[in-house]
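The values are calculated or read from the model by the stated rules, or taken from the named source; none is laboratory data. In this text, all values refer to a predicted model and were calculated from it rather than measured experimentally. Cβ placement follows ideal geometry from the backbone for every residue including glycine, while neighbour counts extend to all protein chains displayed.
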Amino acid sequence: MAVDRERSVVFGEAVEQYESARPGYPEQLVTDVLEYAPAGPVLEVGAGTGKATAGFAARGVDLTCVEPDARMAAALAAKCPGVRVERGIFEDYVPDRRFALLYSAQAWHWVDPDRRWDLAHAALAPSGALALFWSHYLVTETGLRSALADVAHRHGVTSHSLHQDEDRTGESQHLLAGDPRFTDLDERSYAWTQWYDARRYLDLVGTISAYRILEPGLREAVLGEVAALVGDGVDMTFTADLTLARRAG
Ligand SMILES: C[S@@+](CC[C@H](N)C(=O)[O-])C[C@H]1O[C@@H](n2cnc3c(N)ncnc32)[C@H](O)[C@@H]1O
C-alpha cells in the first residue's frame, strides 16, 4: 500500500541514490537542443540534482534552474555553481526575463497539466525553443524484465519504468501540434546501453517515485525480491526521447 504523500516531492529523500544511479543525458541531445534554440538565456524546469543541467552548463549558457525540493536544489547548486537556482515549483515561478530556451528533463509531467503550456509560452521570448525530454529505463533482457514486472505488479507498484516503454513524449507532441502558439515541431531519439551492477540497479529502483512511496516494510520486501532476480547486475537499455517546438511569433 502506498503511503499518502505527494509523489513529486519524494525525490529529495534519495538525493545520493538519485545522483549515483540515474543515467545522464547524451552529449548529442544537448548539442541538438542548443542548435535548435536561438541564442539567449536558458530556463530549466525541475532540474533535480543537475543530471541535465551539467551538460548545458558545460556549454557556457546563461542558465536559470527552477527546482522545488530543497535537498535536490542544494545538490544542484553544489554541482553546478555557475547556474541560478530558483527554489519552488514552476507554477509559482515569475520569470524576470524572456528565455530563448526552456527545457525540462524527466520533469514536465510533474507540472500542472492545465497550466504548463501557458507558463512555457509566457516564459519564452518570440521564437524561443521548448525542449522536453524523458528517458526510458529498460532492463535489456526480456525474460528478466517480465519477471521484474511481475514483482512490481504483485505488490501494486504503479510505475512501468524499468519494465515497459512509457510514452510521455507522444502526449506532448499531440498537444503542441494542436496549439497554434507553438510551431516547428521536431522529435529525436537517443539510445544507449549500460551495465548496472546489482547495487546501482537497486539504487535506480529506489529513485523511482512509485517505489519510494511504498510503506518502508513493503519497499524492503519488493527490493529483496528484485535483488534475488538480478543477481550480479543487469544490462540496461536507455532511450532519451526529445520533443522540440518553437514559440510562434
Ligand atoms: C524525475 S526528477 C528529474 C530531475 C532532473 N531533471 C533529471 O533529469 O534527473 C523530477 C524533478 O522535478 C521536480 N519537480 C516536481 N514538481 C515540480 C514542479 N511543479 N515544478 C518544477 N519542478 C518540479 C522534482 O523536485 C524533481 O527534482
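Tabulated data for the structure shown
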item: Subset of region 237-249 [over 17 Å from the mean Cα position of the chain (by Cα) and crowded, with 16+ Cβ neighbours inside 10 Å]; result: ALA245, ARG246, ARG247
item: Of all residues in region 29-48 being in a loop (DSSP other than H, G, I, E, B) and more than 16 Å from the ligand (Cβ to nearest atom), the one that is surrounded by the most Cβ atoms within 10 Å (Cβ to Cβ); result: ALA37
item: Enumeration of residues in region 87-101 that are surrounded by fewer than 21 Cβ atoms within 10 Å (Cβ to Cβ) and within 15 Å of the ligand (Cβ to nearest atom); result: ARG87, GLY88, ILE89, GLU91, ASP92, TYR93, VAL94, PRO95
item: When residues of region 56-69 are limited to those that are within 10 Å of the ligand (Cβ to nearest atom) and at pLDDT 95 or above, the one farthest from LEU101 (Cα to Cα); result: PRO68
item: Candidates LEU144, LEU138 - the one that is assigned to a helix (DSSP H, G or I), away from the ligand (no atom under 15 Å from the Cβ) and more than 19 Å from ASP179 (Cα to Cα); result: LEU144
item: First in region 58-73 and within 24 Å of GLU35 (Cβ to Cβ), second anywhere and assigned to a strand (DSSP E or B) and near the ligand (Cβ under 9 Å from one of its atoms), Cβ under 8 Å, 6 or more apart; result: LEU63/GLU44; THR64/GLU44; CYS65/GLU44; VAL66/GLU44; VAL66/VAL45
item: Qualifying positions in region 103-129 - near the ligand (Cβ under 9 Å from one of its atoms) and either part of a loop (DSSP other than H, G, I, E, B) or among the polar types (S, T, N, Q) (or both); result: SER104, GLN106, ALA107, VAL111, ASP112
item: Any hit, region 208-223, residues being at negative phi, outside any helix (DSSP H, G or I), free of Cβ contacts under 8 Å to residues at least 60 places away in the same chain and not aliphatic (A, V, I, L, M); result: no
item: Filter result for THR53 (of a type in the set (S, T, N, Q) and surrounded by fewer than 16 Cβ atoms within 10 Å (Cβ to Cβ)); result: no
item: Number of the exception - VAL111 against (1) under 19 Å from the mean Cα position of the chain (by Cα); (2) at pLDDT below 95; result: (2)
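Residues checked against (1) within 17 Å of the chain's Cα centre (by Cα); (2) under 25 Å from ASP184 (Cβ atoms):
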residue: ARG59; (1), (2): no, yes
residue: ASP62; (1), (2): no, yes
residue: ALA74; (1), (2): no, no
residue: GLY82; (1), (2): no, no
residue: PHE99; (1), (2): no, yes
residue: LEU102; (1), (2): yes, yes
residue: ALA105; (1), (2): yes, yes
